[in-house]
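The values are calculated or read from the model by the stated rules, or taken from the named source; none is laboratory data. Everything quoted here is computed from the prediction, not taken from an experiment. When we count neighbours, we look across all protein chains shown, and the Cβ atoms used for this are built from the backbone with ideal geometry, even at glycine.
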Amino acid sequence: MADLRSDFVGIKSPNPFWLASAPPTDKEYNVRRAYEAGWGGVVWKTLGMEGPPVVNVNGPRYGAIWGADRRLLGLNNIELITDRPLEVNLREMKAVKRDYPDRALIASIMVPCEEEAWKAILPHVEETGADGIELNFGCPHGMAERGMGSAVGQVPEYIEMVTRWCKQYTRMPVIVKLTPNITNVLYPAEAAKRGGADAVSLINTINSITSVDLDLFAPEPMIDGKGTHGGYCGPAVKPIALNMVAEIARNPETADMPISGIGGVTTWRDAAEFLALGAGNVQVCTAAMTYGFKVVQEMISGLSEYMDDKGMTSVDQLVRRAVPNVTDWNQLNLNYVAKAKIDQDLCISCGRCFAACEDTSHQAIAMSEDRTFSVIDDECVACNLCVNVCPVEDCISMVELAPGTTDPRTGKPVDPNYANWTTHPNNPSATAAE
Ligand SMILES: Cc1cc2nc3c(=O)[nH]c(=O)nc-3n(C[C@H](O)[C@H](O)[C@H](O)COP(=O)(O)O)c2cc1C
Ligand code: SF4
Ligand code: SF4
């Protein structure tokens, strides 16, 4: 069995699956049960400064988007950081760490953007025996209005400044959690690095309104007739998170900075994708909130089996494996040609591919009188739309045309040589091909 042990910025855990800072990690009761279920680490629900804790709403704090089978695809929340006293959280963290020394325990922190506030809380956190801290520069609602969370995460200079304070006032590794509510994730990631961060984690939640009550005319979740934007997470945000992780992993300025990948991880496969795109480990929130702590067991066994199949003996061998294959559009091979192919044995004659291609693509699918659907190679540009709308998995596939064979659409033989937009004759700024 593959060795899933993980060493993330010197923080060891039996596997690379950590629970993200959120309700699953809000208290000792939860965290003990999470460790028992098999989670390798936990980022405790974000701690605030000493004094009266924050106050949450006393009504619905979640909204959601579902698939046709009512499976939860996206979760929206308007919850704040922990609403339990700091000393209670610290006491519980200490007890948990004492009893589970082999598991990672990270303290997520959000205090005002003042040096004294960070200087004051760090020794208390260190005293719990926590393995590291995560700076919550991500929450987009409630705390942002008070100048914290994403309000800090959207200003690279603040990220750099606070990270530097933390590096100065604690010996614990510092992980900077980034907000996706920005134009370019490289600015905050580079700022974290300049500030001396040991790692970044991403993504926190995305600003969102999931639905509007069309009788009461207010966004949901609704509190006494009014709603506000919340933070979006779950499977729906995974593509956004994967892209941001990949951007940081392939950016020369940040490529050597460890990344904790977060956003929609639900299965071992999601986790493997994050690892392949450059994450050193992953964090999970919505999947645990939807299916319970035991969801980690499928992640552990699935990743382990996959690694065995691939002959990988340690997680490190998977990390960054896909990064060299992430490129810019202008580097894609324009001489690569494929065609769609329909497997008639699998086809259920629903006609979705026909409607999609006929109305919105290249009129490259023919429908016979007996509802047999076939691809017209003379028209097909291999856009993949039919594959994506077909309800039957693997019913339509993309088949590469061998170099040298004639593409019936263009009438030209497929060029075996790689050539991209930078040298293409239609590109007014093309450089001469080598
Ligand atoms: C109800 C809820 C509360 C959250 N609270 C926090 C928090 O206190 N601190 C934090 O850093 N992130 C918080 N998050 C964000 C998660 O840690 C995570 O970044 C996000 O949910 C994306 O992961 P997921 O798609 O696996 O849920 C919260 C998320 C949810 C759903
Ligand atoms: S790949 Fe695109 S162009 Fe080709 S048949 Fe499918 S939808 Fe039509
Ligand atoms: S969408 Fe798929 S199943 Fe439906 S007709 Fe096209 S190929 Fe057949």
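A few comments on the model shown:
- Among residues of segment 16-32, those that are farther than 14 Å from L105 by Cα and not hydroxyl-bearing (S, T, Y), counted: 1
- Subset of segment 346-357 (residues that are more than 11 Å from L385 (Cα to Cα) and either within 9 Å of ligand 2 (Cβ to nearest atom) or hydrophobic (A, V, I, L, M, F, W, C) (or both)): L346, C347, I348, C350
- The condition of being touching a residue at least 40 places away in the same chain (Cβ under 8 Å) and either touching a helix residue (DSSP H, G or I) at 6+ places or on another chain (Cβ under 9 Å) or more than 16 Å from ligand 1 (Cβ to nearest atom) (or both) holds for C353.
- Cross-chain or 6+ apart pairs with Cβ under 8 Å, segment 381-409 first and farther than 17 Å from L346 by Cα, then aromatic (F, W, Y) and surrounded by 14 or more Cβ atoms within 10 Å (Cβ to Cβ): E400/Y336
- Qualifying residue in segment 400-418 (condition: under 30 Å from G302 (Cβ atoms) and within 16 Å of ligand 2 (Cβ to nearest atom)): yes
- Given (1) in a helix (DSSP H, G or I); (2) under 20 Å from M257 (Cα atoms), index of the condition V152 fails: (2)
- Check on P112, farther than 19 Å from G132 by Cα and away from ligand 2 (no atom under 16 Å from the Cβ): yes
- D328 under 26 Å from the mean Cα position of the chain (by Cα), on the phi < 0 side of the Ramachandran plot and surrounded by fewer than 16 Cβ atoms within 10 Å (Cβ to Cβ): yes
- Just one residue in the set A104, A20 is in contact (Cβ under 8 Å) with a residue 60 or more places away in the chain, in contact with a Gly (Cβ under 7 Å, 6 or more places away or on another chain) and away from ligand 3 (no atom under 16 Å from the Cβ); that residue is A104.
- Total residues in segment 224-261, condition within 17 Å of L73 (Cβ to Cβ) and either not in a loop (DSSP other than H, G, I, E, B) or not assigned by TED's automatic domain parsing to the domain that holds R71 (or both): 12
- Qualifying residue in segment 392-399 (condition: outside the structural domain of E273 (by TED's automatic domain parsing), touching a strand residue (DSSP E or B) at 6+ places or on another chain (Cβ under 8 Å) and more than 16 Å from ligand 3 (Cβ to nearest atom)): no
- Residue within segment 53-61 that is touching a residue at least 60 places away in the same chain (Cβ under 8 Å), farther than 19 Å from V265 by Cα, among the charged types (D, E, K, R) and within 12 Å of ligand 1 (Cβ to nearest atom) present: yes
- Segment 81-130, subset within 30 Å of the chain's Cα centre (by Cα) and among the basic types (K, R), residue modelled with the lowest pLDDT: R84
- For segment 262-287, the candidate set comprises residues that are of a type outside the set (A, V, I, L, M), part of a helix (DSSP H, G or I) and within 19 Å of E134 (Cβ to Cβ); within that set, the residue that is farthest from ligand 1 (Cβ to nearest atom) is F274.
- Qualifying residues in segment 195-217 (those that are farther than 19 Å from C139 by Cα and surrounded by fewer than 16 Cβ atoms within 10 Å (Cβ to Cβ)) - the one nearest to ligand 2 (Cβ to nearest atom): S211
- Exactly one residue out of C350, C285 is within 16 Å of ligand 3 (Cβ to nearest atom) and either hydrophobic (A, V, I, L, M, F, W, C) or assigned by TED's automatic domain parsing to the domain that holds G74 (or both): that is C350.
- Selection count where residues are modelled with pLDDT under 95 and of a type in the set (D, E), scope segment 1-53: 2
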